[in-house]
Amino acid sequence: MIPDLTFVLGGAASGKSAFAEQLVVSSGKNRVYLATSQVFDDEMQTKIERHVSQRGAGWHTVEAPFDLAPVLADLDPDQICLIDCATMWLSNHLLAKRDLNQEQSALLAALRTCRAQAVIVSNEVGYGIVPENALARQFREAQGRLNIALAAQANLVVQVTAGLPLVLKGTLP
């Protein structure tokens, strides 16, 4: 059985989204895909189309680049929600110059009170060199803090590298 909150993280193109999707499908519940990305260019549009194609049918998609709380509050216990991804969600807030601590607190509270199971995907961005510019350093630090908070709250934490899952906390169903 999938726990109430599962956190899946990994590097770019690590297979984390595919792993999270398989986990959600295996639940047998009604699937909700909470999409956090915004389309600003052709590259992002192509990536989104590829993800939609890979997921296949049977998903109810909700576009929510900023405020996830209302969507999470409306979910029922017979549903499971995949939030893909926390990294895009954080980027949206950072670029909109929102209070990241306040937004993070609101997200964590919404996840705590969500009646459906939730799986949230995020990028691990701390393995590289120190970025050269202040905005990139601010993002890296904020993403690290968000990942720590999500991992602390989650019942199951899985890191995916090269398509292979490594359980960091909890037990895979």
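Worth a mention:
- The residues 16, 29, 47, sorted by heavy-atom accessible surface at 1.4 Å with ligands and nucleic acids left out, run 47, 29, 16 from largest to smallest.
- Net lengthening on full extension, residue 172/residue 66 (0.36 nm per residue, minus Cα-Cα): 35.2 nm
- For the range 33-73, the fraction of alpha-carbon pairs in successive 10 Å shells from zero, as %: 27, 49, 24, 0
- Gyration tensor verdict on the range 1-94 (Cα atoms; rounded if a/c is under 1.5, prolate if a/b is larger than b/c, oblate otherwise): prolate
- Most fluctuating residue given options 26, 14, 91, as computed from a GNM of the chain linking Cα atoms under 10 Å: 26
- Solution diffusion estimate, µm²/s, Stokes-Einstein, the range 17-173, Kirkwood Rh from C-alpha pairs, 20 °C, viscosity 1.002 mPa s: 131 µm²/s
- Residue 49 paired with residue 155, simple spin-label distance in nm, labels 7 Å along Cα-to-beta-carbon: 3.9 nm
- Cα gyration tensor shape for the range 102-173, rounded if a/c is under 1.5, else prolate or oblate: oblate
- Residue-averaged [θ]222 nm for the chain, counting only DSSP H segments that reach four residues, each worth -39500 (n - 2.57): -13500 deg cm²/dmol
- The residues 50, 31, sorted by heavy-atom accessible surface at 1.4 Å with ligands and nucleic acids left out, run 50, 31 from largest to smallest.
- The largest accessible area among 7, 66 belongs to the first residue in 66, 7, and the rest follow in falling order (1.4 Å probe, all chains).
- Counted over the chain, the DSSP beta bridges are approximately 15% antiparallel.
- Surface analysis of the chain yields an accessible area of 52 Å² per residue, using protein heavy atoms and a 1.4 Å probe.
- Computed from the alpha carbon atoms alone, the convex hull of the range 1-45 holds 100 Å³ per residue.
- Cα centroid separation, the range 104-173 to the range 4-52 (Å): 14 Å
- Stokes-Einstein D in µm²/s, Kirkwood radius over Cα pairs - the range 59-120 at 37 °C with 0.692 mPa s viscosity: 273 µm²/s
- Distance-filtered residues of the range 46-79 - backbone nitrogen under 13 Å, label point 7 angstrom along residue 13 Cα→Cβ: 47
The values are calculated or read from the model by the stated rules, or taken from the named source; none is laboratory data. Quick caveat: nothing in here was measured; it's all calculated off a predicted structure. Please note: Cβ atoms are built from the backbone with ideal geometry, for glycine as well, and neighbour counts cover all protein chains shown. Note: accessible area is taken over every heavy atom of the protein model, side chains too, but ligands, DNA and RNA are not part of it. Shrake-Rupley method; radii C 1.70, N 1.55, O 1.52, S 1.80 Å.
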